[in-house]
1. Top mean-square fluctuation among GLN187, GLN196, GLN27, Gaussian network model of the chain, C-alpha springs under 10 Å?
2. Placing +1 at every Lys and Arg Cβ and -1 at every Asp and Glu Cβ, with all other atoms neutral, what dipole size does region 103-206 have around its Cα centre, in debye to the nearest 20?
3. Is there a quick way to get the dipole size of region 1-45? I mean about its Cα centre, with the Cβ of Lys and Arg at +1 and of Asp and Glu at -1; what is the value in debye to the nearest 20?
4. Quick one, which of (i) 29, 21, 15; (ii) 32, 19, 17; (iii) 23, 22, 18 is the actual semi-axes √(5λ) of the Cα gyration tensor in Å calculated for this model?
5. Could you identify which residue out of ASP113, ASP62, ASP183 has the top mean-square fluctuation in a GNM of the chain using Cα springs shorter than 10 Å?
6. Do you know the Lys pair count in the chain for C-alpha distances under 16 Å, with sequence separation 8 or more or different chains?
7. State which stretch of the chain is the longest one without any exposed chymotrypsin sites (Phe, Trp or Tyr not before Pro), exposure meaning a DSSP loop state and at most 16 other Cβ atoms within 10 Å.
8. Given the options GLY136, VAL153, ILE188, identify the residue whose Cα lies farthest towards the positive end of the charge dipole of region 95-206 (+1 on Cβ of Lys, Arg; -1 on Cβ of Asp, Glu).
Amino acid sequence: MPPVLYSFRRCPYAMRARLAIASAGVQVELREILLRDKPQAFLDASPSGTVPSLVLSDHVIDESFDIMLWALNHADPQGWLDMPAEGHALITRVDGPFKTALDRTKYATRYPDEDPKEHRAAAASFLTELDAQIDGHIFGKPTLADFATLPFVRQFAFIDKPWFDAQPWPDLQAWLAAFLASDLFAQIMLKYPPWQSGDAPLLFPD
């Protein structure tokens, strides 16, 4: 039996997990769930109750970046793990300050005591820095840093796409556009019905 991946199509954390699994070609049973109606099997399996969650025979991996590493340590045909050490520091910034700013921009009503304009400015400062670094990719070729970061840049961009497109970030914008037009993105964004107990296994990648 393949490992089971509980996922939610639009969640950027789940996206990054599916990206690495698809790149590695390591097959899992994909179970799409609704976050507003989480199945009991998922809640029983996942200590955190969050997606993505990869259920292995002897343990569960609940962190998206750890799922990426699990997949790529099985197979890395695209060489994503061949990344400079600063790539890990960049991913830490994405998961920390950038995600904090993103959430307080996108979900401003959840943070009534904070200024969404200040958080958008903080996110924009990070993206300005990233734009200056990108030359086709963050480190000049596809690496783990690109695919751990792109789902969150996508999420930020679509908060206000006209505003995002008007920013002076030509390399960042081209990088995101190439990702959105890629076969890999299309593969991980296929729509599946929510999983229910008793459903036939849905293998990913197929």
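1. Most flexible of the set in this elastic network: GLN196.
2. It comes to approximately 200 debye.
3. So the dipole magnitude of region 1-45 works out to roughly 240 debye.
4. Label (i) holds the value from this structure.
5. ASP113
6. Step by step, the pairs that qualify in the chain add up to 4.
7. Result, exposed sites excluded: 1-106.
8. Result: ILE188, furthest along the dipole toward the positive end.
Rule-based calculations on the coordinates, nothing more; no lab input. What you see is a predicted model; the values in this text were computed from it and never measured. Glycine gets a Cβ as well: all are built from the backbone with ideal geometry, and neighbour counts include every protein chain shown.
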